[in-house]
Amino acid sequence: MERQRRTAVRLIVSAGDAVLLLRYDRDESSGGPFWLPSGGAVESGETHEQAASRELLEETGLSVEVGSRLWDLRVEFPAGDLLIDQTERHFLTELGVKNLKLRNITSEPIAAHRWWTLSELSDTNQVIYPEGLLDSLRANGIGTV
């Protein structure tokens, strides 16, 4: 069985091109921990921009303007007996600082918030979603001089 899902994703980039990612822990039999940007499902009656703002506030405590639309991405992944067909709309938000107090006010199991430099993203062996995030950032002029 397949389920369609629309999501909004915020790529928060600080001065120095550090990207804010959230860590979710899962057991090793399920692939271990992974990192991804703030985001989530677009609820009924919401625009992608509204969902992006709501999710960022819930997952980090930040309330900042959405910024420009970067790209859309379609991914499929299993969730129990379902196959999720997910369309993600990614937005860029640039901040001048990264020493902000971050907090998760949802019931989501966010284990950590971390600012990743593009060099760290390039060198890590940790699981980062979406796949190809570093290349996509660079293709959109982030981290290029």
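Please go through region 9-52 and give me each residue that is closer than 21 Å to G80 by Cβ, touching a residue at least 12 places away in the same chain (Cβ under 8 Å) and surrounded by fewer than 18 Cβ atoms within 10 Å (Cβ to Cβ), ordered by number. Within region 9-52, Y24, D25, G31, G32, P33, F34, L36, A41 qualify.
Residue-level check: of (1) within 19 Å of G31 (Cβ to Cβ); (2) at pLDDT 90 or above, S68 misses just (1). Return yes or no: is S136 in contact with a strand residue (DSSP E or B) (Cβ under 8 Å, 6 or more places away or on another chain) and either in a helix (DSSP H, G or I) or on the phi < 0 side of the Ramachandran plot (or both)? Spelling it out, S136 is indeed in contact with a strand residue (DSSP E or B) (Cβ under 8 Å, 6 or more places away or on another chain) and either in a helix (DSSP H, G or I) or on the phi < 0 side of the Ramachandran plot (or both). The set of residues in region 107-127 that are more than 11 Å from L22 (Cβ to Cβ), aliphatic (A, V, I, L, M) and not in a helix (DSSP H, G or I) contains only V127. Looking only at residues in region 119-145 that are within 15 Å of the chain's Cα centre (by Cα) and of a type in the set (A, V, I, L, M, F, W, C), the one that is farthest from G32 (Cα to Cα) is L137.
The values are calculated or read from the model by the stated rules, or taken from the named source; none is laboratory data. On a predicted model such as this, the values are computed, not experimentally measured, just so you know. We place every Cβ from the backbone using ideal geometry, glycine too, and count neighbours over all the protein chains shown.
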